[in-house]
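Engineer: Got a structure for you, written out below as structure tokens; questions coming shortly.
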Amino acid sequence: MSGLLLAAVMLALALFGARLFVVVGVATAMCFLLFTGDVDTIIQLDRIVTKMESLTTKNVFLSIPFFIASGSIMTKGGIARRLTDLARASVGWLPGGLAVASVVACIVFAAISGSSPVTLVAVGSVMYPALVASGYPKKFAIGLITSAGSLGCMIPPAIAMLIYAISVQGSAAVDPADLFFAGIVPALFIAGSLAVYSVWVGMGSPGSKQPFDGGAFLGALKEASWALTLPAIVLGGIYGGIFTPTEAGAVAFAASLLVTCGIHGDVPWRKVPAILVESATLIGSLILIVVLAFGLNDFLAEIDAPGVIRAWVENADLNSWQFMLLVNVVLIVLGALMDSISATLVFAPMLAPVAINHYGMDPIHFGIVFVVNMEIGYIAPPVATNLFVAAAIFREPFVNVAKAVVPTLLIICAALVVIMYVPTISKGPLNLREGVAFYEPFPWDGAPAKSVAEDAAPSDAPPADAAAPAGGPMSMEEMMRKAKENAAGGTEGAADTTAPAAPGRPLTMEEMMKKAKENAASEAPAE
Amino acid sequence: MISALDRLDAAIVRAERFAVAGMLTVMGLVVFLDVFHRVSTRNESLLANPAFVAVAGSVVAVLGFRTRGADNAAAKGVGVGVGLAAAQFAFVRLVPNGLVWSQTLALGLTLWLGTMGASLAAHSRRHLALDIGSKLWPPSIAPKVAALGHVLTALFCVGILFLASRSLFGYSIDGSHVPGHIDEWRSSDGAAGTLSGTGIPKWAAFLSIPYGMTVLAFRFGLEAAKTWTGLVAVGGDDTLHQLGIEGDPATGAAGSAQ
């Protein structure tokens, strides 16, 4: 009955055109009111604000405004044109070269913007007319660019990965730097699959090839060289140990200003404040959804949603590959019905602990699989951001765009299956970097795969991986870190505040008052 | 009445635009300078050597000026390189411990940036919505339904405003006062209730929530009135606009989106 009421209210809000943050906020409030009714109502709702305030303890979140701002600055300049020119000059000689160049341009541009829709707009608006003019079928051009644009989720610095890392902080923590690194090969794998498809289509279009011109290539490389330094600085800085992913955001912000305004002069300095305001507006529309979803995470942790799922899968007697297949089907359906950020914030903390603790999935690998699913969510109708964007920029009906992406959607789904069951694709490079065996097995038997930490340390040593599952016994390092966090008054993550105490705020009085009230209430009938 | 409220709204927007641009700049600057300081003081780092900074800075600046097509690129570039090394030398000595508080300050500002950004997004109709209603309701009642949707949004904001005020100022329960962030900070003479590692009171950061909710409630209320009276049309919030992408397909210039 409560579930029906919740669904009815959500539907009513959607019908009235309520904003997404209201839908998430009301869902959070109703979950607390309907499903945890044994404590004072207002005190339950107070937790929504407490979770909003906890944003000031989530350092990873800080990188999101910076990456959004740097992406805005870079895309306002002529970066997209420079990168597409370079992509055409470098791979345009292949069969289907222009189409392959579109995929390459999407990859490089995504490494600058970190955003799927922006990549689609910036590259698509340049490459779509060129593809159609070169004789490629319109449907193919729309489908390819719309799908390749979604690679923005996967190429670091990917905002989708940062959101994933934030959402699982308390339950199955992952280091965003590791997630970035692990995402590179899967992204290239998906891009490669799309490129092969482009070559195959290009073979049937004789006019789609252009001869390689070394001079044009060098010219385009020179033009794009400053733009290419940005991903190099960001990734080099993170993996060179110079700065953290959070700090990388600020470095990217400064570098984007320097390149776009100072060196290329594409954007006058006087226009920078207006771009920053645009970025802030975008951050604002995102931040409300995120902070209100923190409350929903808190609720899910309180009702032990991962435990409920675990019990269900135990009853269903699913083994690890069946579970992962089910997870992917569910995530694709969710991604098609919800926007990807909300879906990540709500479902990642529910599913990750089960996959990791119960089925032995590697936290980084599961994160990559999750993000690929969300990438699919960007192009899977009906609620697919990139399809709406494509319909707008290509001036095509939504239905036509949805039909056009079907072949590329199937290719990405096939790539997802490979990425899911071959963890080496995501974990291999990370293992190499850590100096352990490249091969990472899939836990077919449900037992934890051999972890990096276990490989690196003697077998009897406690795992030193920061991404250790929350459900297992804590290592000394984890206990020390937890103690340090508690001492600093900061509590991070979704599942770490199942008690109603606010982070860093001595709410013992509130708890005492609440307890006293509960005691009084329980004693009353006896009297 | 509505036009007077519109003028008030425009004044708030001007102030908010100024504030968010400033905050984002300050946030980026302090975190970047902290990284710069750390790199500049790390013994094994080449960038800790002012001579290397001067040479490397000069090379990059010369290339940059050449790309820009500036006159006297070499002289200007060397000037920038030497200036950068001098600035680094002075910065490291003037601020020996670096800006260790930079991320805490930036996170506090993020809350303000986010809530002010959210209120700006309400002004420019940028908040994402699953706008099923505008396509389903008959045109005659669509404006009324949309207005009701805005009222619901405004009421939600008022609800959060109430909860945020309790958190900030405290509240009474069975005759006893449960302290809020301001009480905590005041009762300890500023020793407690501060953002970790800084003297910045938590309430100064958390005040952003009631502020943002007040302005959001005001803006959605105003939007409701304007939609009800037909001053603004229903719908029209296309996806590109909501995502902040004001791209021109002909030029390829685009804005940004998450």
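FYI, it's all coordinate maths here, none of it is from the lab. None of these values were measured; they are calculated from a predicted model. Neighbour counts run over all protein chains shown; Cβ positions are idealised from the backbone, glycine included.
Engineer: Given the pairs A:76/A:139; A:58/B:202; A:76/A:222, which span a C-alpha to C-alpha distance of over 18 angstrom in this model?
Structural biologist: Over 18 Å apart, Cα to Cα: A:76/A:139; A:76/A:222.
Engineer: Continuing with this model, one more query. Can you give me the orientation-averaged projected area of the convex hull built on the Cα atoms of region A:59-120, in nm²?
Structural biologist: 4.3
Engineer: Taking the Cα atoms only, what angle lies between the long axis of helix B:50-68 and the longest principal axis of chain B, rounded to 10 degrees?
Structural biologist: Here the helix axis deviates by roughly 60 degrees.
Engineer: Sticking with this structure for a sec: Return the long-range amide H neighbours of residue A:266 (sequence gap of 5 or more, or a different chain), with a cut-off of under 5 Å between placed amide H atoms.
Structural biologist: For residue A:266, no residues qualify.
Engineer: Under the definition of partner shielding as Cβ atoms of other protein chains within 10 Å of a residue Cβ, what is the mean value for peptide B:99-110?
Structural biologist: Taking the mean over all residues of the peptide, I get 4.
Engineer: State the extension gain, in nm to one decimal, for the chain segment bounded by residue B:11 and residue B:174, taking 0.36 nm per residue of separation less the distance between their alpha-carbons.
Structural biologist: The span from residue B:11 to residue B:174 would gain 54.5 nm if fully extended.
Engineer: Now for a different question. Spin-label point model (7 Å from Cα, Cβ direction): what's the residue B:89 to residue A:337 distance in nm?
Structural biologist: Modelled inter-label distance: 6.6 nm.
Engineer: Using Cα centres only, tell me the gap between region A:118-164 and region A:394-419 in whole Å.
Structural biologist: 11
Engineer: Under the rule of -39500 (n - 2.57) per DSSP H run of 4 or more residues, summed and divided by the residues of chain B, what mean residue ellipticity at 222 nm is obtained, to the nearest 500 deg cm²/dmol?
Structural biologist: -22500 deg cm²/dmol
Engineer: Give a residue-ordered list of calculated ³J(HN,Hα) values for region B:211-216 (Karplus: 6.51 cos²θ - 1.76 cosθ + 1.60, θ = phi - 60°; whole Hz; x for Gly, Pro).
Structural biologist: 4, x, 5, 4, 5, 4
Engineer: Let me ask another. Compute the distance in nm between two label points, each set 7 Å from the Cα along the Cα-to-Cβ direction, one at residue A:322 and one at residue B:2.
Structural biologist: Between residue A:322 and residue B:2, the label points sit 6.0 nm apart.
Engineer: Next question, about the same structure. Using a Debye calculation, one point per C-alpha and no hydration shell, please list log10 I(q)/I(0) for region A:312-421 at q = 0.11, 0.20 Å⁻¹ in order.
Structural biologist: For region A:312-421 at q = 0.11, 0.20 Å⁻¹, log10 I(q)/I(0) is -0.37, -1.01.
Engineer: Would you mind computing the Rg to Rh ratio of region B:1-93 from its alpha-carbon coordinates, Kirkwood style for Rh?
Structural biologist: Result for region B:1-93 is an Rg/Rh of 1.28.
Engineer: Which residues among region A:283-314 fall inside the zone where the amide N is under 19 Å from a point 7 Å beyond the Cα of residue A:35, along Cα→Cβ?
Structural biologist: A:290-314
Engineer: Using only the Cα atoms of region A:14-71, each taken as one equal point scatterer with no solvent, compute I(q) by the Debye sum, divide by I(0), and report log10 of the ratio at q = 0.17, 0.26 Å⁻¹.
Structural biologist: After summing over all Cα pairs, the log10 values are -0.76, -1.01.
Engineer: Let me ask something else. Going highest first, how would you order A:282-295, A:407-420 by mean Cβ packing within 10 Å?
Structural biologist: Answer by packing, highest mean first, reads A:282-295, A:407-420.
Engineer: Pick from B:212, B:22, B:83: which residue has the top mean-square fluctuation in a GNM of chain B where Cα pairs under 10 Å get a spring?
Structural biologist: Maximum among the listed residues: B:83.
Engineer: Can you pull the mean other chain C-beta count within 10 Å for peptide A:113-121?
Structural biologist: Neighbouring Cβ atoms belonging to other protein chains average 6 per residue here.
Engineer: Could I ask something else about it? Given region A:294-349 reduced to its alpha-carbon atoms as identical point scatterers, what log10 I(q)/I(0) does the Debye formula return at q = 0.27, 0.28 Å⁻¹?
Structural biologist: -1.12, -1.13
Engineer: How would A:31, A:106, B:157 line up from fewest to most surrounding beta-carbon atoms within 10 angstrom?
Structural biologist: A:31, B:157, A:106
Engineer: With θ set to phi - 60° and the Karplus curve 6.51 cos²θ - 1.76 cosθ + 1.60, what are the ³J(HN,Hα) couplings of region A:75-85 in order, to the nearest whole Hz, using x for Gly and Pro?
Structural biologist: 6, 6, x, x, 4, 4, 5, 4, 6, 5, 4
Engineer: If amide H atoms are built 1.01 Å from N in the plane of the peptide, which residues on other chains or at least 5 residues away come under 5 Å of the amide H of residue A:243?
Structural biologist: A:238
Engineer: Based only on the alpha carbon positions, what is the Kirkwood hydrodynamic radius of region A:9-153, in angstrom?
Structural biologist: 18.4
Engineer: May I have the convex hull volume per residue, in Å³, for the Cα set of region A:219-264?
Structural biologist: 58
Engineer: Return B:12, A:166 ranked ascending by Cβ neighbour count within 10 Å, so the fewest neighbours appear first.
Structural biologist: Ascending number of Cβ neighbours within 10 Å: B:12, A:166.
Engineer: Using only atoms on other chains, find how many Cβ atoms lie within 10 Å of each Cβ of peptide A:56-68 and report the average.
Structural biologist: Mean shielding count: 5.
Engineer: Can you quote the Å³ per residue value for the convex hull of the Cα atoms in chain B, rounded to an integer?
Structural biologist: 213
Engineer: If you take the beta carbon distance between residue A:239 and residue A:2 as r and set R0 to 45 Å, what does 1/(1 + (r/R0)^6) give as a FRET efficiency, to the nearest 0.05?
Structural biologist: 0.40
Engineer: Let me check I have the definition right: for region B:80-226, take the eigenvalues of the Cα gyration tensor, multiply each by 5, take square roots. What are those semi-axes in whole Å, largest first?
Structural biologist: 41, 27, 9
Engineer: How big is region B:57-114 by the Kirkwood estimate over distinct Cα pairs, in Å?
Structural biologist: After inverting the pairwise mean of 1/r, the radius is 13.7 Å.
Engineer: Viscosity 0.890 mPa s, temperature 25 °C: Stokes-Einstein D of region B:21-74 from its Kirkwood Cα radius, in µm² per second?
Structural biologist: 188
Engineer: What Rg and what Dmax come out for region B:22-153 when only alpha-carbon atoms are used, in angstroms?
Structural biologist: Here Rg and the maximum Cα pair distance are 24.9, 73 Å.
Engineer: A follow-up question, please. Order A:87-98, B:40-51, B:185-196 from most to least packed using the mean count of other Cβ atoms within 10 Å.
Structural biologist: Ranking the peptides A:87-98, B:40-51, B:185-196 by packing returns A:87-98, B:185-196, B:40-51.
Engineer: Order by neighbour count: B:31, A:118, fewest other Cβ atoms within 10 Å first, most last.
Structural biologist: So the ranking, lowest neighbour count to highest, is B:31, A:118.
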